[in-house]
Amino acid sequence: MASSSSLFFLTLFILSVISAVTACPPSDRAALLAFKDALTEPDPNTHRVTDINLRGESQDLIFQKLQRTGYMTGNISPEICKLTELSTLVVADWKAISGEIPSCISSSLSSLRILDLTGNQISGEIPADIGKLRRLTVLSLGDNAISGKIPKSIVNLAGLKHLDLSNNQISGELPWNFGNLRMLSRALLSRNELTGSIPKSVFKMNRLADLDLSMNRITGSIPVQLGKMKVLSTLKLDGNSMSGQIPSKLLSNSGMGILNLSRNGFEGAIPDVFGVRTYFMALDLSHNNLTGKIPDSLSSVRFVGHLDLSHNHLCGTIPIGSPFDHLDAASFSDNDCLCGNPLKSCE
């Protein structure tokens, strides 16, 4: 049975359709509103709105026929904070909703579990006391124009499982105790202006499967502990200013499936630690300062889908066999003295 939140969504849906239809006849408008008014199914317990789910770019046929996507504009009114029983607030992918996140959300919506404002033009900063939302499991603010730093209080969200702050203008360093988010499984922070190094406390996040810090200004080396994380399967650090050597444990971790370290300043040899349990869907070490030869153990791996070692200072003969027999020259281009298939023959 639908709650009052479903009725709230229906109201907005009907009104949105009415506003989207060109020259909607008064009779049609009246019929739709009467249809909405006849549906009364309030929450039997609280009679309060608990869920708001408004997502743009709907695949619903009515929107496809109207050829309208992302037509909702405006901002998120602080009046939302009067819905104190709200557990889900999704206003995502409308492209043109702007303004700031109402600061009252943190203090008024203590029952909030999902906050998803992805894909708009929201600006300003993340509320400093966001950590008061102790029940929050999803915080998704990606693809906006949010600036400022990541609030220190964010580490108080002990139940947070999904964090998406990607493609904003967020600056500063990750909190040193970022690893206090022990329940986090996805941390998507790419395409911002983050600085500093990766906190070693990340190692405590034993449920973290996806860490994306690509396209920032991160410096320092890769913490050795990252290679020891058993659940971590996707690590993207490309497009930063990191340096040092690639930890052996990171490449020998059989659970690592996607590893992108490209466009940094990593140096030294590629550790020769690959094995029969190695299974990389993508391994990108391009655009670094890596030296030495391509490890022979790479030819004994279980699977490597995409491999890119280009734009380094590698030298020597390219190993034969899988995965090298299905790679093209671009995977090895712009090195110092690599030779062998698919490049020129070794003399």
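Of all positions in segment 166-182, at least one carries a residue that is in contact with a strand residue (DSSP E or B) (Cβ under 6 Å, 6 or more places away or on another chain), of a type in the set (Ser, Thr, Tyr), open to solvent by 20 Å² or more (accessible area, probe 1.4 Å) and under 25 Å from Val91 (Cα atoms). Hey, can you tell me all the residues within segment 238-264 that are buried (at least 17 other Cβ atoms within 10 Å of the Cβ) and part of a helix (DSSP H, G or I)? Within segment 238-264, Lys249, Leu250, Leu251, Ser252 meet the criteria. Consider Lys249 carefully, then state whether it is farther than 16 Å from Leu309 by Cβ and in contact (Cβ under 8 Å) with a residue 40 or more places away in the chain. So Lys249 does not fit the description; no. Give me the pairs, please: first residue somewhere in segment 175-194 and under 18 Å from Glu125 (Cα atoms), second residue anywhere and assigned to a strand (DSSP E or B) and open to solvent by less than 10 Å² (accessible area, probe 1.4 Å), beta-carbon distance under 7 Å, and either six or more positions apart or on two chains. Between residues of segment 175-194 that are under 18 Å from Glu125 (Cα atoms) and residues that are assigned to a strand (DSSP E or B) and open to solvent by less than 10 Å² (accessible area, probe 1.4 Å), the close pairs are Leu188/Leu163. Go through the residues of segment 130-142 one by one and say whether even a single one is part of a loop (DSSP other than H, G, I, E, B), out of contact with any strand residue (DSSP E or B) (no Cβ under 9 Å at 6 or more places or on another chain) and among the charged types (D, E, K, R). Yes. So for segment 284-291 (the condition being in contact with a Lys or Arg (Cβ under 9 Å, 6 or more places away or on another chain), in a loop (DSSP other than H, G, I, E, B) and on the phi < 0 side of the Ramachandran plot), does at least one residue qualify? Yes, segment 284-291 has at least one match. Count of segment 191-218 residues, restricted to those that are in a loop (DSSP other than H, G, I, E, B) and surrounded by fewer than 21 Cβ atoms within 10 Å (Cβ to Cβ), is 9. Please determine whether any residue of segment 163-175 is part of a loop (DSSP other than H, G, I, E, B) and touching a Phe, Trp or Tyr at 6+ places or on another chain (Cβ under 9 Å). No: segment 163-175 contains no residue that is part of a loop (DSSP other than H, G, I, E, B) and touching a Phe, Trp or Tyr at 6+ places or on another chain (Cβ under 9 Å).
In segment 281-295, the residues that are within 17 Å of Asn260 (Cβ to Cβ) reach residues that are among the acidic types (Asp, Glu) and at pLDDT 95 or above with C-beta atoms within less than 8 angstrom, at least six apart or across chains, in these pairs: Leu283/Asp308; Asp284/Asp238; Asp284/Asp308; Leu285/Asp308; Ser286/Asp308; Asn288/Glu267; Asn289/Glu267; Leu290/Glu267.
If you go through segment 219-237 and keep only what is surrounded by fewer than 22 Cβ atoms within 10 Å (Cβ to Cβ) and assigned to a loop (DSSP other than H, G, I, E, B), you end up with Thr219, Gly220, Ser221, Pro223, Lys230, Val231, Ser233.
The values are calculated or read from the model by the stated rules, or taken from the named source; none is laboratory data. Just so it is clear, the structure is predicted and the values come from calculations on it, not from any experiment. Positions of Cβ are backbone-derived with ideal geometry, glycine not excepted, and every protein chain shown enters the neighbour counts. Accessible surface areas use protein heavy atoms only, side chains included; no ligands, DNA or RNA. Shrake-Rupley method; radii C 1.70, N 1.55, O 1.52, S 1.80 Å.
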